[in-house]
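Worksheet: one structure, shown below.
The values are calculated or read from the model by the stated rules, or taken from the named source; none is laboratory data. Remember, it's a predicted structure, so these values are computed and weren't measured experimentally. With ideal geometry, Cβ positions are generated from the backbone for all residues, glycine too; neighbour counts draw on all protein chains shown. All accessible areas refer to the heavy atoms of the entire protein, side chains included, with ligands and DNA or RNA removed. Shrake-Rupley method; radii C 1.70, N 1.55, O 1.52, S 1.80 Å.
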Number of protein chains: 2
Amino acid sequence: MSQDISRLDLFIDRMVSQRASLDFAITQTADMTGPIFELGLGNGRTYHHMRQRISGRDIFVFERAVASHPDSTPADEMLILGDVRETLPASVERFGPTASLIHADLGGHNREKNDVFARFVSPLIEPLLAEGGLMVSSDRMYFETLTELPLPEGVVEGRCFIYRR
Amino acid sequence: MSQDISRLDLFIDRMVSQRASLDFAITQTADMTGPIFELGLGNGRTYHHMRQRISGRDIFVFERAVASHPDSTPADEMLILGDVRETLPASVERFGPTASLIHADLGGHNREKNDVFARFVSPLIEPLLAEGGLMVSSDRMYFETLTELPLPEGVVEGRCFIYRR
């Protein structure tokens, strides 16, 4: 009976780490009023979690095509539809550096592709974050001015990354 | 800040409970040689987990249409393609009561629909299980001759169910 890590193990680590990182980031930024950006809606579980844990801040969702659970689908005016390569630069003009929290789970199955995408998208995300704001990502990001934070309890090393401006 | 349970919380509870229940059932049936039936492949994470943790037993996968991760796709001869309403009765003829472990995660988002389906499918699953064999399910099942077991450590009440013949 091999005890190698399975895809189920990896997935659970990722979900648990995502939740612990988000809960940490939500608490850390609780005094800020700037909007929250969820990059990638997917099934909507993380969005649902944020909506339940956060009050008094707008949560905007960036998504190419909405395919979420009905319980976890944002109102039209909170949805920023399109490819993030276009919607992120447009949002810098619209919002400026105001985001209190940005969460991204953009990655797919292919680790190398995820890394290429993370490198591409990092400079598009960076100018959106307010002073003191946090960015939580399932992939390592490549920021010039943000600081990587030590991971809070419950986060598995390498499954989640947290950055602060 | 509400601390109501989110869909992310529920999902993590389900995955963690599934893994703990499966690991328990794999250990409990380790001395048996009969095949293992995975009902519903989905993304293939649970199948991948079982393949890593189990040796010396065949693992057959029942699925309508394979859409799993390439790492977690069974060989053709281990795949029983079709609607379980038909493939389960056909498997009773093919295998008889020989399964050492059956795992089912058939449910969708709708709780009531899941329950209707669990009631329908329970008598189709029941005759496949060998004496001493275990059945692990994400939904409550309706068996006539199987005994519901107390949940092992790490399983959240109501997120997983374990039955023994």
I'd like to verify a number: residues in the range B:1-40 that are open to solvent by 50 Å² or more (accessible area, probe 1.4 Å), hydrophobic (A, V, I, L, M, F, W, C), at the interface with chain A (Cβ under 8 Å from one of its Cβ atoms) and not in a loop (DSSP other than H, G, I, E, B), how many? 0
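Take the residues in the range A:93-120 that are open to solvent by 60 Å² or more (accessible area, probe 1.4 Å) and over 20 Å from A:Gly34 (Cβ atoms); name whichever of them is modelled with the lowest pLDDT.
Residues of the range A:93-120 that are open to solvent by 60 Å² or more (accessible area, probe 1.4 Å), as a first pass: A:93-94, A:97, A:109-113, A:116, A:119-120.
Then drop every residue that is not over 20 Å from A:Gly34 (Cβ atoms), which leaves A:109-113, A:116, A:119-120.
Details: A:His109: 71, A:Asn110: 81, A:Arg111: 82, A:Glu112: 88, A:Lys113: 89, A:Val116: 92, A:Arg119: 95, A:Phe120: 94.
This residue is A:His109.
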If you take the residues of the range A:41-62 that are in contact (Cβ under 8 Å) with a residue 40 or more places away in the chain and assigned to a helix (DSSP H, G or I), which of them is nearest to the chain's Cα centre (by Cα)? A:Thr46
Among the listed residues B:Leu88, B:Leu129, B:Leu134, identify the single one that is touching a Leu at 6+ places or on another chain (Cβ under 6 Å) and either free of Cβ contacts under 8 Å to residues at least 60 places away in the same chain or open to solvent by 80 Å² or more (accessible area, probe 1.4 Å) (or both). B:Leu88
Condition check: more than 12 Å from every other protein chain (Cβ to nearest Cβ) and either touching a helix residue (DSSP H, G or I) at 6+ places or on another chain (Cβ under 7 Å) or among the basic types (Lys, Arg) (or both). Does A:Leu106 satisfy that? yes
So how many residues does the range B:118-143 have that are touching a helix residue (DSSP H, G or I) at 6+ places or on another chain (Cβ under 7 Å) and over 22 Å from B:Asp9 (Cβ atoms)? 10
Please give the number of the condition A:Asp58 fails out of (1) touching a Gly at 6+ places or on another chain (Cβ under 9 Å); (2) within 12 Å of chain B (Cβ to nearest Cβ); (3) surrounded by fewer than 22 Cβ atoms within 10 Å (Cβ to Cβ). (2)
Of the conditions (1) among the hydroxyl-bearing types (Ser, Thr, Tyr); (2) open to solvent by less than 20 Å² (accessible area, probe 1.4 Å); (3) more than 9 Å from every other protein chain (Cβ to nearest Cβ); (4) under 22 Å from A:Asn43 (Cβ atoms), the single one that B:Thr46 does not satisfy is (3)
Working only within the range A:83-113, note down all residues that are part of a helix (DSSP H, G or I) and within 19 Å of A:Pro127 (Cα to Cα). A:Val84, A:Arg85, A:Glu86, A:Thr87, A:Leu88, A:Pro89, A:Ala90, A:Ser91, A:Val92, A:Glu93, A:Arg94, A:Phe95
Identify, by number, the condition in (1) within 18 Å of A:Leu128 (Cβ to Cβ); (2) open to solvent by less than 30 Å² (accessible area, probe 1.4 Å); (3) not hydroxyl-bearing (Ser, Thr, Tyr) that A:Arg53 doesn't meet. (1)
Touching a helix residue (DSSP H, G or I) at 6+ places or on another chain (Cβ under 7 Å), in a helix (DSSP H, G or I), open to solvent by less than 50 Å² (accessible area, probe 1.4 Å) and under 18 Å from A:Tyr163 (Cβ atoms) - does that describe any residue in the range A:63-82? no
